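Engineer: My questions all concern the structure below.
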Amino acid sequence: AQRAAILKLGAFLAKSDQVIVLYTNEYLKKLWTVYEVASFLVLHPVDRMKVVPVTHAIVFVFGTLIFYIFNIGIVFVTTWKLGVLVYPIAFVCGWGAMYVLRTWARDRILIQSRLSEFDVHECICFLEADRPVVYGNIATLMKASRAVHRHASEDEALGAFNALVQSILPNAFDRALGQRYFQFKHYLFFGLCANGAAALDHTCSEIARDEVPRKVLGTFLFNYFVAASMGPLTIMSMEVLTSRFLHLQGWREAVYIFFVFLFGNITPLVLVLECVSALAEEVVDSNWALAAMLLINAVFFTLTAVVGSGRGGCCMRAP
């Protein structure tokens with residue numbers, strides 16, 4: 001029954017509407033998985049392939065937890081008037097995030113390298129007895145797709161398959177993985193997780209103290225700006241900056257990450273938040289300040305959505 005299923009894999013792929021690739025670093029090393037995805041792309045357009053790196057789910061869960069712990073830590077150090085600890089806490093959390101993002105950037109380069117140098121003979125086959133069967137299926141596929149003459153030898157068909165993988169899969173995987181690590185909704189969730197609860201608590205406390213409605217509105221607009229715009233934008237900018245200079249190793253990489261975090265993330269974030277916070281304070285007495293806060297929220301949220309829609313790799317469909 002297993003051998004019959006193997007022989008009918010091509011027909012199964014032909015009748016499939018979509019393929020979801022659960023990607024790990026082993027995926028492109030195995031004969032069956034490369035044959036499967038290459039066969040699917042011969043039979044279907046690229047937009048029917050989704051690539052879901054398995055590590056993304058782990059990073060998303062632990063990233064959410066880290067952001068939540070970071071927010072709780074900030075509340076405690078602020079309550080105990082230990083504001084000087086805010087930056088060390090932020091740096092520890094930011095360092096972990098940057099390390100993960102740099103690791104993924106290197107993995108993407110490795111994916112392209114493996115596919116551009118693909119050789120079917122170097123692939124791993126769990127059962128070596130299945131290798132001749134897969135080779136036969138590959139030869140049939142190459143002949144059916146007219147990549148080789150119908151009387152071509154198996155070696156010629158395997159050579160054509162190598163060329164097919166090297167020409168199609170690098171671009172297909174790159175497009176399916178997208179420009180961003182996650183989708184916009186994931187970045188938004190990170191921002192809301194890190195700042196949303198505190199923002200809601202802050203706003204509700206002002207309502208409970210019977211603050212004037214304009215003050216409550218100013219507080220809400222500022223907190224919304226932090227949670228829905230600056231939080232996600234900070235993470236996305238961190239991703240872009242940490243994906244540069246990947247050749248750096250050891251202390252050089254540590255120094256680069258330090259300067260990126262300090263001058264590319266924390267300093268701009270603090271400056272923007274100080275300016276917007278001061279503007280939010282003016283909402284109580286100024287209509288122009290209220291209009292400016294509404295405009296800033298709309299512009300920055302739109303910017304966040306546009307930048308975040310750079311097609312994240314987690315469950316993202318290729319364009």
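Engineer: So, for the chain, what is the accessible surface per residue at a probe of 1.4 Å, expressed in square angstrom?
Structural biologist: That works out to 53 Å² for each residue.
Engineer: Run down the aspartates and glutamates and flag those whose C-alpha is under 16 Å from the C-alpha of residue 8, throwing out any fewer than 8 positions away in its chain.
Structural biologist: 36, 130
Engineer: What is the angle, in °, between the Cα long axis of helix 31-43 and the longest principal axis of the Cα atoms in the chain? Nearest 10 is fine, range 0 to 90.
Structural biologist: Once rounded, one gets 90 degrees.
Engineer: Could you order 266, 20, 72, 111 by accessible surface area, starting with the largest, using a probe radius of 1.4 Å?
Structural biologist: Listed by decreasing accessible area, they come as 20, 72, 266, 111.
Engineer: What's the carbon and sulfur percent of the chain's accessible surface, probe 1.4 angstrom, rounded to a whole number?
Structural biologist: Percent of accessible area from carbon and sulfur atoms in the chain: 67.
Engineer: Over the heavy atoms of residue 247, what accessible area does a 1.4 Å probe trace out, to the nearest 10 Å²?
Structural biologist: For residue 247, solvent-accessible area is about 130 Å².
Engineer: What percentages make up the Cα-Cα pair-distance distribution of the stretch 88-242 when the bins are 10 Å wide from 0?
Structural biologist: Percent of Cα pairs in each bin: 9, 23, 20, 15, 14, 10, 6, 3, 0.
Engineer: Okay, moving on. Starting from the Kirkwood radius over alpha-carbon pairs of the chain, derive D by Stokes-Einstein at 20 °C in a medium of 1.002 mPa s and give it in µm² s⁻¹.
Structural biologist: Stokes-Einstein gives a translational diffusion coefficient of 94 µm²/s.
Engineer: Moving on to the next point. May I ask you to order 297-306, 230-239 by the average number of other C-beta atoms within 10 Å around their residues, highest value first?
Structural biologist: In decreasing order of mean packing, 297-306, 230-239 become 230-239, 297-306.
Engineer: While we're looking at this one, here's another question. What residue among 186, 41, 11 has its Cα farthest toward the positive end of the dipole of the chain, where the charges are +1 on Lys, Arg and -1 on Asp, Glu, each on the Cβ?
Structural biologist: Final value for the positive-end residue is 11.
Engineer: So how do 57-67, 26-36 stack up, highest first, on mean other-Cβ count within 10 Å?
Structural biologist: Highest-to-lowest ranking by the protection proxy: 26-36, 57-67.
Engineer: Quick one: which residues, 5 or more positions from residue 180 or on another chain, have an amide H under 5 Å from its amide H? H modelled 1.01 Å from N in the peptide plane, none for Pro or chain starts.
Structural biologist: When sequence neighbours closer than 5 places are left aside, the close amide H contacts are 311, 312, 313.
Engineer: Given the DSSP H assignment, sum -39500 (n - 2.57) over each helix run of at least 4 residues in the chain and divide by its residue total; what's the result at 222 nm in deg cm²/dmol, nearest 500?
Structural biologist: -23000 deg cm²/dmol
Engineer: Sticking with this one: Towards the positive end of the charge dipole of the stretch 15-172, with charges on Cβ (+1 Lys, Arg; -1 Asp, Glu), say which of 158, 22, 95 has the farthest Cα.
Structural biologist: 95
Engineer: While we're here: Once phi is turned into θ = phi - 60°, what whole-Hz ³J(HN,Hα) does the Karplus curve with 6.51, -1.76 and 1.60 give for every residue of the stretch 12-28, x standing for Gly and Pro?
Structural biologist: Values per residue, Gly and Pro as x: 5, 5, 5, 8, 7, 8, 7, 10, 10, 8, 8, 7, 10, 5, 8, 4, 7 Hz.
Engineer: I've got another one for you. Amide H of residue 23 versus every other amide H placed in the peptide plane: which residues, excluding those fewer than 5 positions away on the same chain, fall under 5 Å?
Structural biologist: Long-range HN contacts for residue 23: 52, 54.
The values are calculated or read from the model by the stated rules, or taken from the named source; none is laboratory data. The model shown is predicted, which means the values in this text are computed figures rather than measured ones. When we count neighbours, we look across all protein chains shown, and the Cβ atoms used for this are built from the backbone with ideal geometry, even at glycine. Surface accessibility is based on the protein's heavy atoms, side chains included, excluding ligands, DNA and RNA. Shrake-Rupley method; radii C 1.70, N 1.55, O 1.52, S 1.80 Å.
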